[in-house]
Structure formats: structure tokens, C-alpha cells
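Trainee: Structure incoming, see below.
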Amino acid sequence: MYISNATRYALGVCAAVTTLVGCGASPVSLGPRGPIGQNAMLAVRPDRSRSWMAPDAKKVNLLYISDLTTGDVYVYSYPEGILEGTLTGFKRPWGLCVDKAGKVFVTEESGFQILEYAHGGTTPLATLKDPGEDPGGCSVDPTTGDLAVANISTPATNPGDVAIYKNARGARRSFKDRAITYYEYCSYDNQGNLYVDGMTPSAFVFAELPKGTTSFANIALNENIQFAGGVQWDGKYVAIRDYEANVIYQFSISGSGGTETGSTPLDGSSYVAQFWIQGSNVVGPDANSGTVMFWNYPAGGSPTKTINGLTTPWGVTISMAG
């Protein structure tokens, strides 16, 4: 039976993992904001404290991490892992992605919208409406600047869809795959083809929306993925995370088939949803332990660096300084 990511956390389903931070964990402190509250997974009261950024934030590479429990997005220097700022005011920040200019997009899974921020900025540049949807993962087309958002579901009717916003600002178009009920994550490749993973009530589905088309083509993978996790084009292959396996798989896509070319074990983690590949590193927030870990990519293995002190870290992206 499918239990969506949103449901797992919104209902506080601690049995989904061994010991879920946020289900009885003690508050921790992250710099100038002061203590983070606990058990805020049904985050309908946004953090009204002011967003802030360190004076040097716009000049350094930045790692953005959304936290489902606190409802904030924390910003660290990359790869140093020094806290550079906090973005506040979200109902439930979920997925994160970035465009070529370093602008960061934050999807609000309970807010029916997507917010755009400049690199190191504290005030949204724009807000895109996603009415009646639960936006999850997102990706920006490097060839056009279009923003794709995987809407997990349409609460009133089910199933969800993929919404594409022209130039990340313009008209919204909806695309559906009849084989997918719940859309989880998506990623463009360097040619503008869009890949998306999702679930039926009981099975994983992977599909491609080829550039310039309006219909999804389902892709059969030669690896049995049980639950849809993050998706990202790594420059050569499509990387897909399986929730139920502590690994990221790489696939070569040809026509209607995908062949596994390698895998990246994420040792030391237990509940990484979205991940972000940046060159020879992959960064993953572990919602179970409240940590963010770095691994060598594609080798994986033991983490090379860990950022501690978060509550339920979920989405992740890296914005490079111009």
C-alpha cells in the first residue's frame, strides 16, 4: 500500500523509520534564530521570525536544506558547512532546486506555491501559484529556464501531475502520466528531457517527458526500485534514489528501457529522500538522524562530512556563487 512522503511525516508515522527525529526529540539551536521547536510536522503556522543571511553569503557557494519540522530552509556555505542564514515564513518547505543563474526554488507542500530566491537573498523574487496541489520535487530546464514541479497529489481528486512554468515565471501547463498516481521527484537532463518518478498505490513508476513533446513515455528499469526517491541528472546518467534501499542507482536511458550502470551506497544514513549531486560529491539530508551527509560520488561509502543539528531535513540543493 502506498503511503506518501507527506503522509508519513504529516501523521508522524514514526514506524516508517527506526527513530524519527522530531517524534519526541529535544529542541536544538541553529545560530541566530535560537531554539528550534519540535513536533511541528503539521506546520501550518509559519516561523514569523525574520529571514537572515550572513554578510558574505552572496559571495560563497551555498547549500540549501529544507526542514519539515521547523518549516524553515537553512543555508550553509558549501562545502565548508558553516551556517550562513535561514529562510523563514514557509508552511511546509519540501523540494528544492536551482537554475543556471543560482536562483533557488522552494516548493511548499502545504502552501500550494513555489517561491524563488536570489542566491543569498532573503526576500522572494517571485511566487508561483500551484492551486490545489501538493508540490514536491522540482527541476529547471537548462535549455529554456522552464521550471518543472512534481505535484505529489491533488488532494481534492488525486492523482497529481507535473506542472511546468514557462521561464519559471509564466503560464502553468499540466502534464499527466496515466500510470502514475503520486508524483514525487523530477529532473531535466542537459538536453531538456524531463525525467520523473512516482508511485501507484502499490508500485514504483519511472517516466520521461521528451523535450518538445506533451506525453510521457514510461521507462522500464532493470533494477527493482520499491519506493520513489530523488531524481537527478548527473551529467551522464539519471540517478535515482530508492527509499527502501540505502543507495542511489545510475541508469542509462535508451528508448523505453533503463539499464543500471552503477550505484552509490549512502553508508551511515537511513532516510535520505532528495539528494544533490555536485561534481564529485553527493549531499543527502537524513530525516531520521537530523543530519546532512556528504559522500564521494559516484563511489559512495562512508560519509566524508556531516552537518548536525537539524530536525527533519528533507530537500536539498546547491547554488554556486556567480
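The values are calculated or read from the model by the stated rules, or taken from the named source; none is laboratory data. Small disclaimer: the values here were computed from a predicted structure and weren't measured. Quick reminder, even Gly has a Cβ in these numbers, built from the backbone with ideal geometry, and neighbours come from all protein chains shown. Note: areas computed on protein heavy atoms with side chains; ligands, DNA, RNA excluded. Shrake-Rupley method; radii C 1.70, N 1.55, O 1.52, S 1.80 Å.
Trainee: Taking the Cβ-Cβ separation of A118 and K236 as r and a Förster radius of 25 Å, what is the calculated FRET efficiency to the nearest 0.05?
Mentor: Values: r = 30 Å, r/R0 = 1.19.
Working from the Cβ atoms, E equals 0.25.
Trainee: How high is the relative contact order of segment 70-148, in percent, with contacts defined as C-alpha pairs under 8 Å that are six or more residues apart? Intermediate values should be presented prior to the final figure.
Mentor: Working: 165 pairs, mean separation 18.0, N = 79.
Result for segment 70-148 is 23 percent.
Trainee: Two decimals, Cα atoms only, Kirkwood Rh: what is Rg/Rh over segment 149-286? Please report the intermediate quantities before stating the final value.
Mentor: Numbers: Rg = 14.5 Å, Rh = 15.3 Å.
Radius of gyration relative to Kirkwood radius: 0.95.
Trainee: Based on the mean of other Cβ atoms within 10 Å per residue, sort peptides 131-139, 273-281, 248-256 so the most packed one is first. Walk me through the numbers on the way to the answer.
Mentor: On the way: 131-139: 24.0, 273-281: 20.4, 248-256: 17.0.
In descending order of packing, they fall as 131-139, 273-281, 248-256.
Trainee: Sticking with this one: Return the label of the correct value of Cα extents along the principal axes in Å, as calculated from the structure shown, out of [x] 54, 47, 36; [y] 51, 41, 39; [z] 66, 52, 37.
Mentor: Correct label is [y].
Trainee: Taking all protein chains as present, what is the carbon and sulfur share of the accessible area of segment 194-273, in % to the nearest whole number, probe 1.4 Å? Working shown, then result.
Mentor: Details: 1350 of 3000 Å².
Result for segment 194-273: 45 percent of the exposed heavy-atom area is carbon or sulfur.
Trainee: Suppose all protein chains stay in the model; what accessible area per residue would a 1.4 Å probe give for segment 151-235, in Å²?
Mentor: Each residue of segment 151-235 exposes 43 Å² on average to a 1.4 Å probe.
Trainee: I would also like to ask the following. If you count only protein heavy atoms with a 1.4 Å probe, what accessible area per residue comes out for segment 63-104, rounded to a whole Å²?
Mentor: Counting only protein heavy atoms, the per-residue value for segment 63-104 is 22 Å².
Trainee: Counting only protein heavy atoms and using a 1.4 Å probe, what share of the accessible area of segment 97-156 belongs to carbon plus sulfur, as a whole percent? It would help to have the intermediate numbers written out before the result.
Mentor: Numbers: 1010 of 1860 Å².
For segment 97-156, the apolar C and S fraction of the accessible surface comes to 54 percent.
Trainee: Does segment 147-227 come out rounded, prolate or oblate, given a ≥ b ≥ c as the square roots of the eigenvalues of its C-alpha gyration tensor, rounded meaning a/c under 1.5 and, failing that, prolate meaning a/b above b/c? Could the numbers behind the result be given before it?
Mentor: Numbers: a/c = 2.12, a/b = 1.23, b/c = 1.72.
In terms of gyration-tensor shape, oblate.
Trainee: OK, next. Just order 202-210, 54-62 by mean Cβ neighbour count inside 10 Å, highest at the front, would you?
Mentor: Numbers: 202-210: 18.7, 54-62: 16.1.
Answer by packing, highest mean first, reads 202-210, 54-62.
Trainee: Cut-off under 16 Å on the C-alpha distance; same-chain residues fewer than 8 positions from K100 excluded. Which aspartates and glutamates are left, in chain and number order?
Mentor: Of all the aspartates and glutamates, those that pass the test against K100 - Cα under 16 Å, at least 8 places apart if same chain - are E116, D141, D146, D189, D234.
Trainee: Considering amide H positions built from the backbone, and no H for Pro or chain starts, which residues 5 or more places from Y297, or on another chain, come under 5 Å of its amide H?
Mentor: Under 5 Å from the amide H of Y297 lie the amide H atoms of N281, V282, each far enough along the sequence or on another chain.
Trainee: Something else now. Residues in segment 49-75 near a label at I82, defined as backbone nitrogen under 19 Å from the 7 Å Cα→Cβ point?
Mentor: In segment 49-75, the label zone of I82 (backbone N under 19 Å from the point 7 Å along Cα→Cβ) covers 52-65, 74-75.
Trainee: What residue among N158, G230, A171 has its Cα farthest toward the positive end of the dipole of the chain, where the charges are +1 on Lys, Arg and -1 on Asp, Glu, each on the Cβ?
Mentor: Projecting each Cα onto the dipole axis, the largest value belongs to A171.
Trainee: Which of rounded, prolate, oblate describes segment 274-322, given a ≥ b ≥ c as roots of the alpha-carbon gyration tensor eigenvalues and a/c under 1.5 marking rounded, otherwise prolate only if a/b is larger than b/c?
Mentor: oblate
Trainee: How would F112, F175 line up by accessible area, probe 1.4 Å, largest first? Don't jump to the answer; show the numbers that get you there.
Mentor: Values: F112 85, F175 15 Å².
So, going from the largest accessible area down, we get F112, F175.
Trainee: Could I ask something else about it? For the pair N224/D56, report the inter-label distance in nm, with labels modelled 7 Å from Cα in the Cβ direction.
Mentor: 5.1
Trainee: If packing is taken as the average count of other Cβ atoms within 10 Å, what order do 291-298, 80-87, 260-267 fall into, highest mean first?
Mentor: Details: 291-298: 20.8, 80-87: 19.0, 260-267: 16.5.
In descending order of packing, they fall as 291-298, 80-87, 260-267.
Trainee: Based on alpha-carbon centroids, what's the gap between segment 288-322 and segment 197-221 in Å, whole number please?
Mentor: Taking the Cα centre of each part, segment 288-322 and segment 197-221 sit 27 Å apart.
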